[in-house]
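The values are calculated or read from the model by the stated rules, or taken from the named source; none is laboratory data. Since the structure is predicted, the reported quantities are computational estimates derived from the model, not experimental observations. As a convention, Cβ positions derive from the backbone with ideal geometry for all residues, glycine included, and neighbour counts pool all protein chains shown. Calculation scope for accessible area: heavy atoms of the full protein, side chains included, ligands and nucleic acids excluded. Shrake-Rupley method; radii C 1.70, N 1.55, O 1.52, S 1.80 Å.
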Amino acid sequence: MNRRMRHITLRAVAGAAAIAITLPLSGCISASIPDQPVKTPEPGPTQTTEEADATEAPITPPDSSVLPPELSFADGAALAPGTIAQWGDGLMMDDNWGISKADDGNGGWEYKTADGTCTATFWQGAVFDMTATEDKEASDFVLGAILGIEPSVLGDKADTGAFTYMTRGNTDVEQRFAVGSEPNRSWVVAARGFAQLESAVYVIVDCASDQAGNIAGEVFEKSPVVIG
C-alpha cells in the first residue's frame, strides 16, 4: 500500500479489537445475521402454490456487461439490486498461506501465513441494519462496528485505501481501513460497505510483529473483490 496509514492506539480499543480479531462478526453486524435462514411463508388456504409463485417478484441476475469498470465509493450506486459482492479467494493456492479456520457458514474464514506469524480473517455477507445511503458511509459503518467505534467519531483514525477489482493488478475498489500496533503486534482492518446492496466485505490482518501493513498489502493485492 502506498497510502499513508493512520494508527489507532490499541489501548483505546483493545477489547473491541481483540474481540474483533478473535471473533470478527462483532457488534451490530453479527447481531444482524440470522442463526437460521429466513423461511418463506407457505401460501394461505385461499391461495394455490401456483398463484403464490406467480405473485413473487422475479430475481434477475445482474448483467456483468453493465458493471462499472471501477468501484469507487460513488460507483457503488450503479450496482443493481440482486448484485452480489464477495471475495475472490486468491490465497487458496498460495504456498505462503494456509487455511486456519474453514468457512463458518456465516461468511467468515481465516488464513494463516506459513510461518504462523500473521492471520487474514475474511468476511462477506448482508448487513441487515445498514442505514448508510452511500458506500463511504457504509464502509465506515462496518469499520466502526468491527472496532467498536461510532462511525461519526472515526475521523482521522481511518483512511481510504484500495482493494483489487475482479482480478489482481489494479487498485480499483475504494475501501476504508485503520491500523494499530502495540509491542510485538500490529493489525490492519479494511472494509468496503455497499449501501445499495446492504452488504459488505472486510478483512482483518493481525500479525505477531510490526509487519501487518506489508502483509495487508499482499492480501489486498491477491484477494480481489468480485461483483456478479
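Restricted to region 171-191, and to residues there that are more than 17 Å from Thr119 (Cα to Cα) and in contact (Cβ under 8 Å) with a residue 60 or more places away in the chain, the residue that is most open to solvent (accessible area, probe 1.4 Å) is Glu174. The residue that is nearest to the chain's Cα centre (by Cα), counting only those in region 171-187 that are over 18 Å from Gly90 (Cα atoms) and of a type in the set (A, V, I, L, M), is Ala178.
For region 75-87, which residues satisfy the criterion of being buried (at least 17 other Cβ atoms within 10 Å of the Cβ), assigned to a loop (DSSP other than H, G, I, E, B) and of a type outside the set (Val, Ile, Thr)?
Filtering region 75-87 down to residues buried (at least 17 other Cβ atoms within 10 Å of the Cβ) leaves 75-76, 79, 83, 85, 87.
Still in the list and also assigned to a loop (DSSP other than H, G, I, E, B): 79, 83.
Hit for region 75-87 is Leu79, nothing else.
Can you find a residue in region 202-209 that is out of contact with any Lys or Arg (no Cβ under 9 Å at 6 or more places or on another chain), open to solvent by 10 Å² or more (accessible area, probe 1.4 Å) and modelled with pLDDT of 95 or more? Steps first, please.
Applying the first criterion (out of contact with any Lys or Arg (no Cβ under 9 Å at 6 or more places or on another chain)) to region 202-209 yields 203-205.
Remaining after also requiring open to solvent by 10 Å² or more (accessible area, probe 1.4 Å): none.
The answer is no, given that none of the residues of region 202-209 is out of contact with any Lys or Arg (no Cβ under 9 Å at 6 or more places or on another chain), open to solvent by 10 Å² or more (accessible area, probe 1.4 Å) and modelled with pLDDT of 95 or more.
Each residue in region 131-148 was checked for being β-branched (Val, Ile, Thr), part of a helix (DSSP H, G or I) and over 13 Å from the mean Cα position of the chain (by Cα), and 0 of them qualify. Of all residues in region 149-196, those satisfying the criterion of being of a type in the set (Asp, Glu) and assigned to a strand (DSSP E or B) are Asp159, Glu174, Glu182.
Scanning region 100-110 turns up one or more residues that are farther than 26 Å from Ser186 by Cα, out of contact with any Gly (no Cβ under 9 Å at 6 or more places or on another chain) and open to solvent by 20 Å² or more (accessible area, probe 1.4 Å).
Scanning region 120-130 for residues that are in a strand (DSSP E or B) and open to solvent by 20 Å² or more (accessible area, probe 1.4 Å) yields Gln124, Gly125, Ala126.
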